Amino acid sequence: EAGVTQFPSHSVIEKGQTVTLRCDPISGHDNLYWYRRVMGKEIKFLLHFVKESKQDESGMPNNRFLAERTGGTYSTLKVQPAELEDSGVYFCASSNGGIGNTIYFGEGSWLTVV
Amino acid sequence: AQSVTQLDSHVSVSEGTPVLLRCNYSSSYSPSLFWYVQHPNKGLQLLLKYTSAATLVKGINGFEAEFKKSETSFHLTKPSAHMSDAAEYFCVVSHTTDKLIFGTGTRLQVFP
């Protein structure tokens, strides 16, 4: 069974450009999460989808970030326009949901804004 | 509010010696606690989790952690370190399981 897959694994863009990160959750997982770790900081929650609905987007840093999950399958996270402080690792994760259920993480998308 | 504190940013051990990675948590509710590991250029992998069952939790690769409510601790241990254990380890707390609160990470080095 395939795990959580993320694309691209690495990207380098210039300040002001747009980047779109994609996440494919484990098949059958209704819950999809985005987390990120910026340089020198801890991994922080961004948002949570249940199917195609945003359950909790309290961690989204500002309106330059837009997450979508059309059809309740894969998700995209767009950063527009990118700023230097957006550099870091963006993790996607998925789960079946419920107390005690395991959240499975992807390998991350490493974003560098120059 | 919930939080975790990982008391050491770096830990170095020799291969074959015990590993101790320390974690203290703060939670207003009965927490779920996890340890995740990230090897270089890899994703986050769940090592073990505590969800109010047995206080001594066994995980993968010989790791275990003990939930101590009186000390608000959830330290990760392994009797004998292996070179392949070199990685970054994250202590994580959650009330709902849907929003994980990560510690700042402990980087484990293992010397031959």
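How high is the relative contact order of chain A, in percent, counting Cα pairs under 8 Å that sit 6 or more residues apart?
Across chain A, relative contact order equals 37 percent.
Enumerate lysine pairs in the range A:5-113 that are 8 or more residues apart or on different chains, then count those whose Cα atoms are under 24 Å apart.
8
Taking all protein chains as present, what is the carbon and sulfur share of the accessible area of chain A, in % to the nearest whole number, probe 1.4 Å?
After summing per-atom areas, the C and S share lands at 48 percent.
For chain B, with every protein chain kept in place, what is the accessible area per residue (1.4 Å probe, Å²)?
About 47 Å² of surface per residue is accessible.
Subtracting the Cα-Cα distance from 0.36 nm times the residue separation, let me have the gained length for B:Met83 to B:Asn61 in nm, one decimal.
So the chain would gain 6.7 nm between B:Met83 and B:Asn61.
Mind ranking B:Arg107, A:Arg37 by accessible surface for me, highest first, 1.4 Å probe?
B:Arg107, A:Arg37
Could you please put A:Ser87, B:Ser94, B:Ser30 in sequence from largest to smallest accessible area, using a 1.4 Å probe?
Result, largest first: B:Ser30, A:Ser87, B:Ser94.
Could you tell me the number of lysine pairs in the range B:3-111 with C-alpha atoms less than 19 Å from each other, where the two lysines are 8 or more residues apart or belong to different chains?
Count of close lysine pairs: 9.
Antiparallel as a % of all DSSP beta bridges within the range A:5-113, to the nearest 5?
Of all bridge pairs located within the range A:5-113, approximately 90 percent are antiparallel.
So for each of B:79-92, B:50-63 I average, over its residues, the number of other beta carbons within 10 Å; can you give me the resulting order with the highest mean first?
Going from most to least packed, we get B:79-92, B:50-63.
Tell me the total accessible area that B and A bury against each other, 1.4 angstrom probe, in square angstrom rounded to 100.
Answer for the B-A pair: about 1800 Å² buried.
Provide the per residue accessible area, probe 1.4 Å, for chain A, rounded to a whole number of square angstrom.
On a per-residue basis, 50 Å².
Got a sec? Charge dipole of the protein assembly as shown, +1 on Cβ for Lys and Arg, -1 for Asp and Glu; which of B:Phe102, A:Val79, B:Phe67 is way out at the positive end?
B:Phe67
Any chance you could check the Cα centroid distance between the range A:1-15 and the range A:34-103 for me, in angstrom?
Answer, in whole Å: 13.
For the range B:1-88, what % of the accessible area comes from carbon and sulfur atoms, probe 1.4 Å?
51
Could you give the radius of gyration (one decimal) and Dmax (whole number) of the Cα atoms in the protein assembly as shown, in Å?
When restricted to the Cα atoms of the protein assembly as shown, Rg and Dmax are 17.6, 51 Å.
Between A:Asn63 and B:Tyr29, with labels modelled 7 Å along Cα→Cβ, what's the label distance in nm to one decimal, could you check?
In this crude label model, A:Asn63 to B:Tyr29 measures out at 3.1 nm.
Sort A:Val38, A:Val79 by heavy-atom solvent-accessible area, probe 1.4 angstrom, most to least.
A:Val38, A:Val79
Hey, got the dipole for the range B:3-111? About the Cα centre, +1 on K and R Cβ, -1 on D and E Cβ, debye to the nearest 20?
160
The values are calculated or read from the model by the stated rules, or taken from the named source; none is laboratory data. Fair warning: this is a prediction, and the values are worked out from it, not measured in the lab. Virtual Cβ from ideal backbone geometry, glycine too; neighbours counted across all protein chains shown. These area figures cover heavy atoms from the full protein model, side chains too; ligands, DNA and RNA do not enter into them. Shrake-Rupley method; radii C 1.70, N 1.55, O 1.52, S 1.80 Å.
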